[in-house]
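> One structure coming up, written as C-alpha cells, with questions to follow.
All of the numbers you see were taken from the coordinates with simple rules; none came from a lab. Just so it is clear, the structure is predicted and the values come from calculations on it, not from any experiment. Don't worry about glycine lacking a Cβ; one is built from the backbone with ideal geometry, like all the others, and counts go over all protein chains shown.
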Protein chains: 2
Amino acid sequence: MLLECGVIRTTPSAPLPERLRQIHEGLGDVIERHRPQIMAVEDIFYGKNVRTTVLLGHTRGAVLLAAALRDLPVADYSPAEVKNSIVGTGRATKAQVQFMVKKLLRLRAVPSPSDAADGVAAALCHINTARFGDLARRAVGTP
Amino acid sequence: MLLECGVIRTTPSAPLPERLRQIHEGLGDVIERHRPQIMAVEDIFYGKNVRTTVLLGHTRGAVLLAAALRDLPVADYSPAEVKNSIVGTGRATKAQVQFMVKKLLRLRAVPSPSDAADGVAAALCHINTARFGDLARRAVGTP
C-alpha cells in the first residue's frame, strides 16, 4: 500500500547550503512520520552536464545523511535497475514508469510529478529485489 | 592565529551514508568547539574521473549541511582562487600551498597532510578576500 509520495521543493533563490537543509529536513519529516525500515534510493544518472551531476551528488549526500543520522539502512539501485524492475526494460520512459506505478499499486491516477513516481518506483524495485532475494535464499536453504 | 587544523578520516569499509555521517559529525564537533562566524570551503575541482567528482559532491553536501543546520554562513572559493590568494598563482602545487600557509601563519612546521593545509588556505583566502572587500567598500565610501 502506498502511504504517501511526493517531491521536496526548495527555494530556487536560496544558497545551496540552505536548499540542502530544506531537503534534509523535509526528508527527516517524512521519516519521522512513517518510521520506515529502509530507504531505497536511485544511483546518480551520469548525465552529459557534469556540473548538474555534481550538484545532484550534493543533494544525494543530504538525502543519505538524513537516513544515516537516523540509523536507517539505505539500499541503492541504478536507474536502469529501477526501470527494469517496474517496466521490464532499463530504457523505459518516464511516462511508462508512471503508468506501471499506477497499475502495480492500483492507484486512481499516475503519481505526479514524474519525479514522485520515480521515488515510488525505487521503493517498488527494492520490494521486488528483496522478495526475489528471499526466495533465492529459501531455495538454497539459508535461513 | 591558527587554532586548529586537520582532516576528518572515515572508515573506508563503511557504507557511504555512514561515512557521510562521520564527516558531518566530525565537522559538527569542530564547529561546536570553536563557534566560528563563517565556513570557507573550496569549490569542487572537476577532475577527469566523474565518479570521484560526484562522490566528492556527496561529501561536500554533508559539509555544507553541517554549516546550514547551525545557521553558519558559507563562503566558497574555486581551487584557483584559493591558490592565487595564497601563492600568487592559481596553478600552485600542494607543496607551495603548504609552504605559504606555514609562512603566512608563522607555523613551526607545514600543516600535514596537505589536505589540512588546503583547508587552512581556504580560510586564509576568505580572510584576504573579505579584507580587500572592506577596503574596496571604504574606498568608494559605502558604510
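> Quickly estimate the mean residue ellipticity at 222 nm for chain B, helices only: each DSSP H run with n ≥ 4 gives -39500 (n - 2.57), and the total goes over all residues, rounded to 500. Each step should come with its number before you reach the end.
On the way: 5 runs with 84 residues, N = 143.
So the helix-based figure for chain B works out to -19500 deg cm²/dmol.
> How big is Rg to Rh over the stretch B:2-143, alpha-carbon atoms, Rh as the Kirkwood inverse-mean-distance radius?
Details: Rg = 16.1 Å, Rh = 16.4 Å.
Over the Cα atoms of the stretch B:2-143, Rg/Rh equals 0.98.
> Based on the Cα gyration tensor of the stretch A:1-53, what are the three equivalent ellipsoid semi-axes, each the root of five times an eigenvalue, rounded to whole Å and given largest first?
On the way: eigenvalues 113, 58, 18 Å².
Gyration-tensor ellipsoid for the stretch A:1-53: 24, 17, 9 Å.
> Going by amide H atoms built from the backbone, whose H comes under 5 Å of the H on B:M39, apart from near neighbours?
It is B:V74, B:A75, by chain and number.
> If the elastic network links every pair of Cα atoms under 10 Å, which of B:A40, B:A109, B:A121 fluctuates the most in the Gaussian network model of chain B?
B:A109
> Kindly write out, for the stretch A:40-46 in residue order, the coupling ³J(HN,Hα) from the Karplus curve 6.51 cos²θ - 1.76 cosθ + 1.60 (θ = phi - 60°), rounded to whole Hz, with x marking Gly and Pro.
Running phi through 6.51 cos²θ - 1.76 cosθ + 1.60 with θ = phi - 60° gives 9, 10, 8, 5, 6, 7, 7 Hz.
> Looking at A:A68, A:A80, A:Q22, which one has the Cα that reaches farthest to the positive end of the dipole of chain A (charges on Cβ: Lys, Arg +1; Asp, Glu -1)?
A:A80
> Net charge near B:I31: determine it from the other residues with C-beta under 13 Å of the C-beta of B:I31, scoring Lys and Arg +1 and Asp and Glu -1.
Values: positive: B:R33, B:R35, B:R70; negative: B:E4, B:E25, B:D29, B:E32, B:D71.
Here the charged neighbours net out to -2.
> Give me the extension gain from B:Y46 to B:F99: residue separation times 0.36 nm, minus the current Cα-Cα distance, reported in nm with one decimal. List each step's numbers first, then the result.
Values: separation 53, 0.36 × 53 = 19.08 nm, distance 2.46 nm.
Result for the pair: 16.6 nm of gain on full extension.
> Right, here's the next one. Measuring from label point to label point, each 7 Å out along Cα→Cβ, what is the B:R106 to B:A130 span in nm?
Distance between the two pseudo-spin positions: 2.1 nm.
> Report the charge-dipole magnitude of the protein assembly as shown in Debye, nearest 20, computed about the Cα centre from +1 at each Lys and Arg Cβ and -1 at each Asp and Glu Cβ.
Numbers: 38 positive and 26 negative charges, 102 e Å.
Roughly 480 debye, rounded to the nearest 20.
> Which of A:L105, A:I127, A:V7 sits farthest toward the positive end of the charge dipole of chain A, with +1 on the Cβ of Lys and Arg and -1 on the Cβ of Asp and Glu?
Checked the options; the winner is A:L105.
> Which helices, taking whole DSSP H runs in chain B, have alpha carbons extending 18 angstrom or more along the helix axis plus mean Kyte-Doolittle at least 0.5? Display every interim value, and only then the final one.
On the way: long enough: B:16-34 (27 Å, -0.80); B:50-68 (26 Å, 1.05); B:114-139 (37 Å, 0.12).
Once both thresholds are applied, what remains is B:50-68.
> To two decimal places, what compactness ratio does the protein assembly as shown give when its Cα radius of gyration is scaled by 2.2 N^0.38 Å? Please report the intermediate quantities before stating the final value.
Numbers: Rg = 22.6 Å, N = 286, 2.2 N^0.38 = 18.9 Å.
The reported ratio for this selection is 1.20.
> I would also like to ask the following. Taking chain B as a Gaussian network, where each spring joins two C-alpha atoms under 10 Å apart, which residue of B:L55, B:L20, B:L64 fluctuates the most?
B:L55
> Using a 10 angstrom cutoff on alpha carbons, build the Gaussian network for chain A and name the most mobile of A:V82, A:V50, A:V74.
A:V50
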